[in-house]
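Have a look at the structure below, then the notes.
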Amino acid sequence: MKVEQAYLGTLLKENHLIKDSLLKEFHFEENRHKQLFKHMKDLTTAGQSVDVVTLSVQVDIQAIGGVSYLNEIITYANAEKVDEYGQLVLNAWKEREKRNILEIARNENWEIGKVIKSLDDINEVKTDDHTSIKDALARIYEAPWQKQEVQKGIPTGIKRLDSLTNGFQDGEVTIIAARPSMGKTDTMLHFGKQAGWQGYLPIVFSLEMPEAQLTTRLMASTGSYNRAKMRNPYKHLSPNQKDTWAGAIGHLSNTNIQIFDNAGQTIAEMRAKTRKLIHEHSKKPIIIIDYLTLIRPQEFYGGNAHLQVTEISKDLKAMAKELNCPVVCLAQLSRAVEQRQDKRPMMSDIRESGSVEQDADVIMFLYRDSYYNADSDDDTLEMIIAKNRNGPIGTVLTRYNKHTGEIQDVYG
């Protein structure tokens, strides 16, 4: 293959590029190219120069084409295009792997979920995920004498919550759990809007509520419109509210929220859709999922809910790490919370909680006292941080307008 020749010829001519190569020998199609690349890597690791002479002395040069072949591929060298050549080699390998998987899937009659996951894994191949302890320590050697920037995550729009969690962090999974009608969806949309207004890309996978209902909720909370009036804005909105409609639409549009509302999506499907949007928008995403037990697992496990949630929980964490972005997922609580005098949730109230407790980086419960007291006019929504892998736990108070869905910072 010409592109393999061009890539290897470039490395042979410009030895300093060999150390920067993230390819592995199996990425090459021709056997002689696999061998040549391995020998070049080995010589570089040993601190030796790589050229026709050193290769002739150290290896069986005839097995990789002989001196004339090495001189030939050097003519294709172009250091300015080495990254492009490397990507083309990797893309060609992915295509070969894809064909192999599809052939095996056809012969063995794989279910569609397994096919999608296998193809998705090819796209997520890391060419080099190895770090030696020496390299890791070298990176932090000067840390005590250098002022460090605080790693701020995607802001929540609630100051005290940001002080506890430092925002939504890349590679972390946040679970937001509550009983039905406690305000989970409005909380989710609040976080999505705040992220969008700060220049991030909120990607919402709504597995239960259709897009039209989410859009209505978003408009109600953005424009401070009573949701009951949103059923017929023409009839029920006041003239003053109609005057603010266009402004609310413009403000909400600036969030650039992306909504997928197909039911029963798998993590693999979400990853693929997210990667496509990242490519289209070139923005850091935050993935928001409503909700955990509506995600379709790859395996059925004979209907065992615990095993299904365990798979989903681990895949959520893997997706956050692989895409290097925050993942926020809503979860339902069991009815056990209703049996206690203090109805504030606990970890054990999360349905199939074991794996979720283990894999989540942050677990947040929502609680409104007025939910259990219909006569109360208390608009307090408690955000209870019950687990925070990299920070403190605690309770954050917010104000929640159940008529519009707005959430406001008590401390702001």
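The values are calculated or read from the model by the stated rules, or taken from the named source; none is laboratory data. Just so it is clear, the structure is predicted and the values come from calculations on it, not from any experiment. Here the Cβ positions follow ideal geometry from the backbone for every residue, glycine too, while neighbour counts run over all protein chains shown.
A few points about this structure:
- Residue list for the stretch 1-49, filter: outside any helix (DSSP H, G or I) and of a type in the set (Ser, Thr, Tyr): 21, 49
- Hey, residue 243 acidic (Asp, Glu), in contact (Cβ under 8 Å) with a residue 24 or more places away in the chain and part of a helix (DSSP H, G or I) or not: no
- Of the residues making up the stretch 112-138, those that are at pLDDT 70 or above, basic (Lys, Arg) and either under 17 Å from the mean Cα position of the chain (by Cα) or surrounded by 10 or more Cβ atoms within 10 Å (Cβ to Cβ) (or both) are 114, 117.
- For the stretch 204-221, a residue qualifies if it is touching a residue at least 60 places away in the same chain (Cβ under 8 Å), over 16 Å from residue 402 (Cβ atoms) and surrounded by fewer than 22 Cβ atoms within 10 Å (Cβ to Cβ), and the qualifying residues are 207, 208, 209.
- On the stretch given as the stretch 383-412, residues that are part of a strand (DSSP E or B) and over 21 Å from residue 217 (Cβ atoms) total 9.
- Of the listed requirements (1) within 28 Å of residue 219 (Cβ to Cβ); (2) touching a Leu at 6+ places or on another chain (Cβ under 9 Å); (3) in a helix (DSSP H, G or I), residue 287 misses just one: (3).
- Cβ pairs under 7 Å, 6+ apart, first in the stretch 83-96 and within 19 Å of residue 12 (Cα to Cα), second surrounded by 14 or more Cβ atoms within 10 Å (Cβ to Cβ) and β-branched (Val, Ile, Thr): 85/3; 85/10; 88/3; 89/3
- Residues satisfying the stated conditions in the stretch 27-63, i.e. in contact with a Lys or Arg (Cβ under 8 Å, 6 or more places away or on another chain) and at pLDDT 90 or above: 28, 29
- Annotation note: Cβ proximity below 8 Å between a residue of the stretch 153-177 that is touching a residue at least 24 places away in the same chain (Cβ under 8 Å) and a residue that is surrounded by fewer than 19 Cβ atoms within 10 Å (Cβ to Cβ) and among the hydroxyl-bearing types (Ser, Thr, Tyr) (sequence gap 6+ or interchain) occurs for 158/411; 159/411; 160/411.
- Restricting the stretch 254-269 to residues that are closer than 15 Å to residue 293 by Cα and crowded, with 18+ Cβ neighbours inside 10 Å, the residue that is nearest to the chain's Cα centre (by Cα) is 267.
- Taken over the stretch 323-337, residues that are within 20 Å of residue 299 (Cβ to Cβ) and surrounded by fewer than 20 Cβ atoms within 10 Å (Cβ to Cβ) amount to 0.
- Restricting the stretch 332-347 to residues that are assigned to a loop (DSSP other than H, G, I, E, B) and among the charged types (D, E, K, R), the residue that is nearest to residue 176 (Cα to Cα): 344
- Of the residues 332, 341, the single one that is within 21 Å of residue 206 (Cβ to Cβ) and either more than 20 Å from the chain's Cα centre (by Cα) or not assigned by TED's automatic domain parsing to the domain that holds residue 178 (or both) is 332.
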